[in-house]
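Following: one structure in structure tokens, then a few remarks.
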Amino acid sequence: MDWTREVMNVLQSGYGDATQTVLDRQVAGEIVRHLRSSGWAAPDEVRALVACAGGEVTLDQRVMADPPGELFVTDDLATGSRKVFVR
């Protein structure tokens with residue numbers, strides 16, 4: 001799913017004007033980058049992570065109350081895989 005496009009559509013429907021498409025795409029891209037830097041992950045990415053972990057992830061209550069500060073996603077060009085880690 002193109003999350004930038006989805007955010008752009010919400011922006012345009014909110015103010016009812018699609019004449020600033022280039023600017024809307026830039027703003028939508030910045031919104032998505034900010035969300036990702038804050039640890040947001042798309043639902044399909046979360047499903048993939050849970051599936052890779054064996055279909056179930058059990059979280060300690062403390063982790064839910066005090067989640068890690070940063071989430072990083074990198075592509076491993078050597079293996080073609082995506083690595084996700086938190087600090």
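The values are calculated or read from the model by the stated rules, or taken from the named source; none is laboratory data. Here the structure is a predicted model, which means the values were calculated and not measured. Virtual Cβ from ideal backbone geometry, glycine too; neighbours counted across all protein chains shown. Heavy atoms of the whole protein, side chains included, go into the accessibility calculation; ligands, DNA and RNA do not. Shrake-Rupley method; radii C 1.70, N 1.55, O 1.52, S 1.80 Å.
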Next item on the list: State, as an integer percentage, the relative contact order of the chain based on alpha-carbon contacts under 8 Å between residues 6 or more apart.
Entry: 21 percent
Next item on the list: Return one number: the angle in degrees, 0 to 90 and rounded to the nearest 10, between the long axis of the Cα atoms of helix 43-52 and the longest principal axis of the Cα atoms of the chain.
Entry: 20 degrees
Margin query: Can you divide the C-alpha Rg of the range 1-44 by 2.2 N^0.38 Å and report the result to two decimal places?
Written below: 1.16
Checklist line | Residue-level accessible surface for R25, protein heavy atoms, 1.4 Å, Å² | finding: 90 Å²
Notebook entry, point to check: What does the charge dipole of the chain about its Cα centre add up to, to the nearest 20 debye, if the Cβ of each Lys and Arg holds +1 and the Cβ of each Asp and Glu holds -1?
Noted result: 140 debye
Margin query: Can you compute the label reach from V73? Point 7 Å from Cα along the Cβ direction, backbone N cut-off under 13 Å, restricted to the range 26-45.
Written below: 32-45
Margin query: Distances longer than 21 Å among the Cα atoms of the chain: what percent of all pairs is that?
Written below: 46 percent
